[in-house]
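Undergrad: Mind looking over this structure? Questions follow.
The values are calculated or read from the model by the stated rules, or taken from the named source; none is laboratory data. The shown structure was predicted, so the numbers you read here are calculated from the model rather than taken from an experiment. As a convention, Cβ positions derive from the backbone with ideal geometry for all residues, glycine included, and neighbour counts pool all protein chains shown.
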């Protein structure tokens with residue numbers, strides 16, 4: 001591995017820790033395609049801790065901190081066997097908030113966002129649960145301790161290259177009051193809930209969705225979310241809360257959709273209101 005090119009000049013910044021300055025050089029090398037192997041050929045592999053420690057005259061811990069910083073930024077992946085490698089940059093998925101709520105409301109959550117030929121469910125669970133008092137949005141929609149039906153999916157996308165491994169792109173969970181379904185929501189608890197999806201099942205039960213609002217938060221993932229989405233615990237996630245109501249203003253479906261921030265871009269169109277005459 002060729003020594004890392006050190007940035008000769010940089011815009012004035014406040015004094016930074018040594019590991020941050022090393023990370024700056026690594027980041028510049030990644031962005032400028034300046035990483036080279038022993039044969040001076042382009043590579044996606046970064047120098048190891050020992051090589052960085054020797055080049056910069058720092059401890060192994062300092063070198064590890066520099067690499068971990070880039071890992072937390074989502075630039076590199078670190079594994080014991082493969083070392084540190086640059087993560088292949090892929091085009092982000094676009095989630096259009098306007099189109100998502102237009103047209104047939106029975107369409108599944110992500111059909112407007114991803115080419116469905118590449119989309120599949122990696123993991124599915126369903127059952128009943130109790131509204132948790134510590135879940136603010138859940139309590140706001142249903143109150144505390146209400147019995148709910150839930151269906152939870154981890155979605156993944158395959159491709160676009162045949163050699164690309166499947167990668168998770170979303171964790172989506174729907175919550176619906178159990179008492180809405182005379183049969184206990186049998187169809188809702190199946191992975192394929194039937195034509196039109198769960199909103200069609202709600203309509204059949206006499207609770208047609210007539211309105212839906214979305215709220216978007218941004219936070220760090222829980223350890224479980226990070227594991228299921230294949231991201232680091234320092235990679236932010238979007239959390240979309242979609243609240244669907246019937247014509248009586250009753251919440252009949254709460255969708256909680258967790259999207260990795262490094263794989264998604266959100267778009268909402270703002271229309272100019274006519275000026276009052």
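Undergrad: Only one residue in 114, 98 is at pLDDT below 70 and assigned to a helix (DSSP H, G or I), so which one is that? Let's see the steps before the verdict.
TA: Details: 114 fails: assigned to a helix (DSSP H, G or I).
Only one candidate passes the filter, namely 98.
Undergrad: Can you tell me which residue within region 166-216, out of those that are in contact with a strand residue (DSSP E or B) (Cβ under 9 Å, 6 or more places away or on another chain) and at positive phi, is surrounded by the most Cβ atoms within 10 Å (Cβ to Cβ)?
TA: Step by step, filter region 166-216, then rank; the result is 185.
Undergrad: Confirm whether residue 233 is surrounded by fewer than 18 Cβ atoms within 10 Å (Cβ to Cβ) and touching a helix residue (DSSP H, G or I) at 6+ places or on another chain (Cβ under 6 Å). It would help to see each step written out before you state the result.
TA: Details: surrounded by fewer than 18 Cβ atoms within 10 Å (Cβ to Cβ): yes; touching a helix residue (DSSP H, G or I) at 6+ places or on another chain (Cβ under 6 Å): yes.
Yes; evaluated as a whole, the condition is true for this residue.
Undergrad: Right, something else. Test residue 1 against the stated conditions and say whether it is surrounded by 18 or more Cβ atoms within 10 Å (Cβ to Cβ) and modelled with pLDDT under 70. Before you say what the answer is, go through the steps one by one.
TA: Working: surrounded by 18 or more Cβ atoms within 10 Å (Cβ to Cβ): no; modelled with pLDDT under 70: yes.
So residue 1 does not fit the description; no.
Undergrad: Follow-up question, since we're still on this one. Residue 133 - would you say it is at pLDDT below 90 and closer than 26 Å to residue 268 by Cβ?
TA: Against the criterion (at pLDDT below 90 and closer than 26 Å to residue 268 by Cβ), residue 133 does not qualify.
Undergrad: Taking the condition of being farther than 25 Å from residue 87 by Cα and at pLDDT 90 or above, how many residues in region 144-171 meet it?
TA: Looking only at region 144-171, we keep the residues that are farther than 25 Å from residue 87 by Cα, and these are 144-153.
The next check asks that each one be at pLDDT 90 or above; those that pass are 146-153.
Total meeting the criteria: 8.
Undergrad: Say we look at region 244-274 and pick out the residues that are within 22 Å of residue 136 (Cα to Cα) and in contact with a helix residue (DSSP H, G or I) (Cβ under 6 Å, 6 or more places away or on another chain); which of these is surrounded by the most Cβ atoms within 10 Å (Cβ to Cβ)?
TA: My answer is 260.
Undergrad: State whether the residues of region 6-26 include one that is at pLDDT below 85, under 15 Å from residue 86 (Cβ atoms) and part of a loop (DSSP other than H, G, I, E, B).
TA: Checked region 6-26: no residue is at pLDDT below 85, under 15 Å from residue 86 (Cβ atoms) and part of a loop (DSSP other than H, G, I, E, B).
Undergrad: For residues that are crowded, with 17+ Cβ neighbours inside 10 Å and farther than 22 Å from residue 215 by Cα, scanning just region 123-156, find the one that is farthest from the chain's Cα centre (by Cα).
TA: By that ranking, first place goes to 126.
Undergrad: Of all the residues that make up region 31-63, how many are assigned to a helix (DSSP H, G or I) and either free of Cβ contacts under 8 Å to residues at least 40 places away in the same chain or loosely packed, with under 13 Cβ neighbours inside 10 Å (or both)? Spell out the reasoning first.
TA: Kept after step one, since they are assigned to a helix (DSSP H, G or I), are these residues of region 31-63: 31, 49-56, 60-63.
Remaining after also requiring either free of Cβ contacts under 8 Å to residues at least 40 places away in the same chain or loosely packed, with under 13 Cβ neighbours inside 10 Å (or both): 31, 49-50, 53-54, 56, 60-61.
Selection size over region 31-63: 8.
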